1. Could you check how many residues of the range 122-139 are more than 10 Å from the ligand (Cβ to nearest atom) and buried (at least 19 other Cβ atoms within 10 Å of the Cβ)?
2. Return yes when L252 is touching a residue at least 40 places away in the same chain (Cβ under 8 Å) and within 21 Å of R135 (Cβ to Cβ) and no when it is not.
3. Note down all Cβ pairs under 6 Å where the first residue falls in the range 127-148 and is within 14 Å of R288 (Cα to Cα), the second is in a helix (DSSP H, G or I) and within 11 Å of the ligand (Cβ to nearest atom), and they're at least six residues apart or on different chains.
4. Against the conditions (1) away from the ligand (no atom under 15 Å from the Cβ); (2) touching a strand residue (DSSP E or B) at 6+ places or on another chain (Cβ under 6 Å), where does C43 fall short? Just the number, please.
5. Has the range 63-78 got any residue that is surrounded by fewer than 24 Cβ atoms within 10 Å (Cβ to Cβ), within 11 Å of the ligand (Cβ to nearest atom), at pLDDT 95 or above and assigned to a strand (DSSP E or B)?
6. Considering each residue of the range 313-344, count those that are small (G, A, S), farther than 19 Å from V118 by Cβ and in contact (Cβ under 8 Å) with a residue 24 or more places away in the chain, and give that number.
7. Any idea how many residues of the range 327-378 are among the acidic types (D, E) and either more than 28 Å from A124 (Cβ to Cβ) or in a loop (DSSP other than H, G, I, E, B) (or both)?
8. Just need a number here: residues in the range 116-146 that are assigned to a helix (DSSP H, G or I) and closer than 17 Å to G350 by Cα.
Amino acid sequence: MNKKNLNIGMIGCGFMAKTHSNAYSNVAHFFDVPYQPVLKTVCDLNAERAAAFAAKWGYEQIESDWRKVVADPAIDLIDICLPNNLHAEVAIAAAEAGKAVVSEKPLARTAAEAEPMVAAVEKAGVPNFVSFNYRRIPAVALAKRIIDEGKLGRVFHYRANFLQDWTINANVPQGGKDTWRLNVKEAGSGVTGDLLAHCIDLAIWQNGPVRDVTALTETFIKERMNAVTGKMEPVGIDDACTFLCRFANGSLGNFESTRYARGHKALFTFEINGEHASIKWDLHDLHRLQYFDHRDEGAVRGWRSIHVSDGDQPFMGAWWVPGLAIGYGESFTHQFKEFLEGMASGKPAGPTFRDALETNRICDAVLASAKSGQWVTV
Ligand SMILES: NC(=O)c1ccc[n+]([C@@H]2O[C@H](COP(=O)([O-])OP(=O)(O)OC[C@H]3O[C@@H](n4cnc5c(N)ncnc54)[C@H](O)[C@@H]3O)[C@@H](O)[C@H]2O)c1
């Protein structure tokens, strides 16, 4: 296939910049994508860090001011891998400059901050995408296929958890380069925007809109040192959040997230119970999908553990041979495959900015309910 180059301007060079750069580098090796991503410029406030990142990943140039990358006519796509408080300004500027825009999740700290981002990309008519990468884990994509085929029948329950344990120590600071997630000004919220946003994105994609929510949040450690100023400051994020919801299809949702579940590093699970069948998935065993179908012959009925590695399962035909698994990093390869295909076909891959705005709205409703103690309509 004759491919047009797509010059990437990567903003930020932390964890997500690594996953995205890896995916841009390998996507055309495994899939016949319509564009060839070119690692053109990487930008970080810290020029030394940007230079080290560029050397490792093969970026052609470095920059320490994202505005210069946005203004560069050679750049086709701005990829925002920055702390949450910086997504909106960069995305709006990139859209106004006519660039395609990819943003890491959550789209913004609040729906009010996300709305002008949606307006900017839609006004400019530029391709846009939010990196809710778990949609493209093959077992999760297979779950979606099973749901869309109607195999579950009427859905009664959707439950999801995202459990971690890395902030139990009160000496972990807030703010700054490594701990911006604990500072409400930079992160917007705690586990709700960081972890439950992933659960919510999958839930509304698989099970449709959420109507209303009731939530409980807690901040277990009330003060932490600010890593930038060295001063003790009140903690403004939610350390843990549990919420119940009603989906528009009549099913009930039950979600929990915390960074205080000793022993769990990234236990992301979901389970869906329908009238005919149930599905469950666990990030720690990400290439397997658990499936129970009540219509199976009684004597052999039971939970099946499907090893999602065969050519007729989502994305797997492009990888190794049946039986060999892939992992977390490839979910980003798959999302850029579909994003690039959407750019070429004019049928955008989701979640677009507009799709991801709905996740921000639900997060806002969850936090508002935790504050008021009342049910909140989304
Ligand atoms: N999809 C996922 O599973 C997933 C996982 C982790 C993080 N994220 C999201 O990705 C985003 C980034 O998270 P991360 O873990 O990569 O963070 P990180 O702290 O590892 O990286 C952030 C980078 O941004 C740079 N930076 C900060 N301010 C800057 C500025 N003004 N100009 C240029 N560079 C600047 C930092 O120096 C750092 O290199 C967040 O929105 C986060 O929620 C998503």
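The values are calculated or read from the model by the stated rules, or taken from the named source; none is laboratory data. A quick note: this is a predicted structure, and the numbers were derived from the prediction, not measured. With ideal geometry, Cβ positions are generated from the backbone for all residues, glycine too; neighbour counts draw on all protein chains shown.
1. Step one: of the range 122-139, the residues more than 10 Å from the ligand (Cβ to nearest atom) are 122-129, 135-139.
Those still in the list that are buried (at least 19 other Cβ atoms within 10 Å of the Cβ) too: 126-129, 135-139.
Total meeting the criteria: 9.
2. When the stated conditions are applied, L252 does not pass them.
3. Matching pairs, first to second residue: Y134/H198; R136/S331; R136/Q335; I137/S331; V140/Y134.
4. (1)
5. Yes, the conditions are met somewhere in the range 63-78.
6. Restricting attention to the range 313-344, the residues satisfying the condition of being small (G, A, S) are 317-318, 323, 325, 327, 329, 331, 342, 344.
Those still in the list that are farther than 19 Å from V118 by Cβ too: 317-318, 323, 325, 327, 329, 331, 344.
Imposing the further condition that a residue be in contact (Cβ under 8 Å) with a residue 24 or more places away in the chain reduces the set to 318, 325, 327, 329, 331, 344.
Residues in the range 313-344 being small (G, A, S), farther than 19 Å from V118 by Cβ and in contact (Cβ under 8 Å) with a residue 24 or more places away in the chain: 6 in total.
7. Filtering the range 327-378 for residues among the acidic types (D, E) gives 330, 338, 341, 355, 358, 364.
Now restrict to residues that are either more than 28 Å from A124 (Cβ to Cβ) or in a loop (DSSP other than H, G, I, E, B) (or both): 330.
Final tally of qualifying residues: 1.
8. From the range 116-146, those assigned to a helix (DSSP H, G or I) are 116-124, 133-136, 138-146; that's our starting set.
Those still in the list that are closer than 17 Å to G350 by Cα too: 117-119, 121-122, 133-136, 138, 140-145.
Selection size over the range 116-146: 16.
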